[in-house]
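See structure below.
The values are calculated or read from the model by the stated rules, or taken from the named source; none is laboratory data. Just so it is clear, the structure is predicted and the values come from calculations on it, not from any experiment. Note that we place each Cβ from the backbone using ideal geometry, even for glycine, and neighbour counts take in every protein chain shown. Surface areas here come from the heavy atoms of the whole protein model, side chains and all, with no ligands, DNA or RNA. Shrake-Rupley method; radii C 1.70, N 1.55, O 1.52, S 1.80 Å.
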Amino acid sequence: MKYKIQNLAKLHEELFPELEVELRSAINSCSFIGGSEIELFEKEFSEKHHFKYTVACGNGTDAIYIAIRSLDLPSNSEILVPSLTWISSSEVITQAGHKPVFCDIQSDGFNISIESIKKNITPKTKAIVLVHLYGIPADLNEIVDICKSHDIKIIEDCAQAHFAKYDNEYVGTFGDVATFSFYPGKNLGAFGDAGCLSTNSTEIFNFSRMFARHGALIKHQHQIEGINSRLDTLQAIVLRAKLKKIDIWTNKRISVAKLYDEMITSPKIKKPNFENSKVSTWHQYTIRCKERDRLQKYLHEHGIETSINYPSPLPLLECYAHLNPKKEDYQHAIKATNELLCIPMCPTLNESDVSQISNVINTF
Ligand SMILES: *Cc1c(COP(=O)(O)O)cnc(C)c1O
């Protein structure tokens, strides 16, 4: 493939040789778990967002699980979640002893629809896992209002939306707790699995920090049973180095998206929306096409890698058959999964790359 979905190797070039020195020094000192790098990363990540607290953990899935547990909801609560997202957003709801209630997505976008939220609220609805898919902020104003009036807690799943903005504020700062993934391919990615949750709530922070560390703030003094979900020291070093670059990289992604928006002119292609109140960080640039499978094959033949994130609405997967999902409840998600295609998106793409990719798309 001439154009990969993203080119991490090229992106990482600019981090060396500084990073190499720091990693080597940590390896030499055999400090692999805990230590000042973790605390510094938590502090820097909080400060950049204006969060009071960040708890680093093992991955973005754990972060959502810990966040749900921190809310101390009555068991078997219903938790709303969009039907188009990665399975982490819903599987941890079940694991925490609750019921995922899948909502359809916007007719004209990829995020959870307001209509479907309203339709699915019952007296048992206690929380929502609100995903900002592809880095595009969800409709936060309306959703926050609805949730406030129904006493529904908001977990913002920002795994794909680090430093995206809504009304000029970072996503993640609108709900009760925000979760992030630092999976290598995410906009801010480690060299392995990593994640965190951030909040302004002292209660959520105190619980999460303890729960993620076997329920003990001080070694051998376990106040509760917890889990083992830590950020490794080496990953913290990588993330601190990348955090210094994230604004530059995000701005490059935004420029690439704007170029695609100008250069893809085929009437067969529907491009993602740019909305004034939202700054997407374009984790993916996702187009739609009625002949998606044929387009994907055509692009692959022309050396352009693409991916389908995601090929099925979550409720229609085998693992949720027991919920007896009805297709008519997920019409927009089904349509999207048949039409969507993620095309190359990476801060390393330049204008000529985008032009060549767009030209191939236009000749389909
Ligand atoms: C990647 C991702 C996660 C999970 O993150 P991991 O670090 O892979 O566990 C959760 N939610 C969404 C929307 C994601 O894209």
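Would you mind getting the accessible area per residue of the chain, heavy atoms of the protein chains only, 1.4 Å probe, in Å²? Write out the running numbers ahead of the final one.
On the way: 16370 Å² over 364 residues.
Roughly 45 Å² per residue, with all protein chains present.
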Note to self: Given the whole protein assembly as supplied and a 1.4 Å probe, what does the accessible area of K245 come to in Å², nearest 10?
What the structure shows: 50
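Pairs of lysines 8 or more apart, or on different chains, with alpha carbons under 28 Å: count those in the range 10-133, would you?
Numbers: K10/K48; K43/K52; K52/K126; K99/K118; K99/K119; K99/K124; K99/K126; K118/K126.
Pairs that pass both the separation and distance tests number 8.
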Margin query: As a test question: what accessible area, to the nearest 10 Å², does I68 have when a 1.4 Å probe is rolled over all protein chains in place?
Written below: 0
Notebook entry, point to check: So which aspartates and glutamates can K297 reach, going by Cα to Cα under 20 Å and dropping same-chain residues fewer than 8 places off?
Noted result: E305, E339, D353
Notebook entry, point to check: Over the range 244-299, what per residue volume does the convex hull of the Cα atoms give, in whole Å³?
Noted result: 100
Margin query: Starting from the 7 Å offset along Cα-to-Cβ, what nm value, one decimal, do you get for the label separation of N276 and N76?
Written below: 4.8
Notebook entry, point to check: When the solvent-accessible surface of protein heavy atoms is calculated with a 1.4 angstrom probe, in what order do H49, H220 fall, highest first?
Noted result: H220, H49
Margin query: Just want the answer: with Cβ charges of +1 for Lys and Arg and -1 for Asp and Glu, which residue in A241, S266, I227 is farthest toward the dipole's positive end in the range 188-286?
Written below: S266
Notebook entry, point to check: Expressed as a whole percentage, what fraction of the accessible surface of the range 145-188 belongs to carbon and sulfur atoms when a 1.4 Å probe is rolled over the protein heavy atoms?
Noted result: 39
Check: What nm distance separates the two modelled labels at N228 and N362, each placed 7 Å from Cα along Cα→Cβ?
Finding: 5.6
Next item on the list: Whenever you get a sec, line up K186, K165 from highest to lowest accessible area (probe 1.4 Å, protein heavy atoms).
Entry: K165, K186
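Using DSSP H assignments, which helices in the chain have an axial alpha-carbon span of 18 Å or above and a mean Kyte-Doolittle hydropathy of -1.0 or higher?
Details: long enough: 36-49 (20 Å, -1.16); 246-263 (25 Å, -0.27).
Long hydrophobic helices here: 246-263.
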Notebook entry, point to check: Counting Lys +1, Arg +1, Asp -1, Glu -1, what net charge surrounds G226 among other residues with beta carbon under 12 Å of its beta carbon?
Noted result: +2
Next item on the list: State the percentage of accessible surface on the range 197-241 attributable to carbon and sulfur atoms; use a 1.4 Å probe and exclude ligands, DNA and RNA.
Entry: 49
Checklist line | Span from the the range 320-361 Cα centroid across to the the range 201-232 one, whole angstrom | finding: 38
Check: Mind checking the log10 I(q)/I(0) for the range 42-123 at q = 0.12, 0.14, 0.18, 0.26 Å⁻¹? Debye, one equal scatterer per Cα, no solvent, two decimals.
Finding: -0.44, -0.59, -0.88, -1.14
Notebook entry, point to check: Largest first, how would M210, M345, M263, M1 line up by accessible area (1.4 Å probe)?
Noted result: M1, M263, M210, M345
Check: Percent of accessible area on the range 32-101 owned by carbon and sulfur, 1.4 Å probe?
Finding: 50
Notebook entry, point to check: Roughly how much of F191 is accessible, in Å² to the nearest 10, using a 1.4 Å probe?
Noted result: 80
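With both partners inside the range 93-239, how many of the DSSP beta bridges are antiparallel, as a percent to the nearest 5? Walk me through the intermediate numbers first.
On the way: 11 of 19 bridges.
Once the DSSP bridges in the range 93-239 are tallied, antiparallel ones form about 60 percent.
Rounded to the nearest 5, what is the percent of antiparallel bridges among the DSSP beta bridges in the chain? Walk me through the intermediate numbers first.
Working: 26 of 43 bridges.
If we restrict to bridges inside the chain, about 60 percent are antiparallel.
Mind checking the alpha-carbon convex hull of the chain and giving the volume per residue in Å³?
It comes to 137 Å³ per residue, whole-number rounded.
Show me the GluC sites (Glu not before Pro) within the range 282-327 that DSSP assigns to loop and that have at most 15 other Cβ atoms within 10 Å of their Cβ.
Details: sites: E291, E301, E305, E318; in loops: E291, E305.
Those satisfying the criteria are E291.
Over the Cα atoms of the range 203-293, what is the Rg over Rh ratio if Rh follows Kirkwood?
Working: Rg = 21.5 Å, Rh = 17.4 Å.
Computed over Cα atoms, the ratio is 1.24.
What is the antiparallel percent of DSSP beta bridges lying wholly in the range 62-136, to the nearest 5?
10
What is the magnitude of the charge dipole of the chain about its Cα centre, with +1 placed on the Cβ of each Lys and Arg, -1 on the Cβ of each Asp and Glu, and no other charges, expressed in debye to the nearest 20?
On the way: 40 positive and 44 negative charges, 79 e Å.
Using Cβ point charges on Lys, Arg, Asp and Glu, the chain gives about 380 debye.
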Checklist line | Pairs of lysine residues in the range 137-252 - Cα separation under 29 Å, sequence separation of 8 or more or cross-chain | finding: 14
Notebook entry, point to check: What is the distance, in nm, between label points placed 7 Å from the Cα along the Cα-to-Cβ direction at N141 and at K297?
Noted result: 4.5
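Add +1 for every Lys or Arg and -1 for every Asp or Glu among the other residues with Cβ under 15 Å from the Cβ of P347, and state the total.
Values: positive: K4, K10, K186, K242, K244, K245, K252, R253, K258; negative: E13, E14, D247, E351, D353.
Taking every other residue near P347 into account, the sum is +4.
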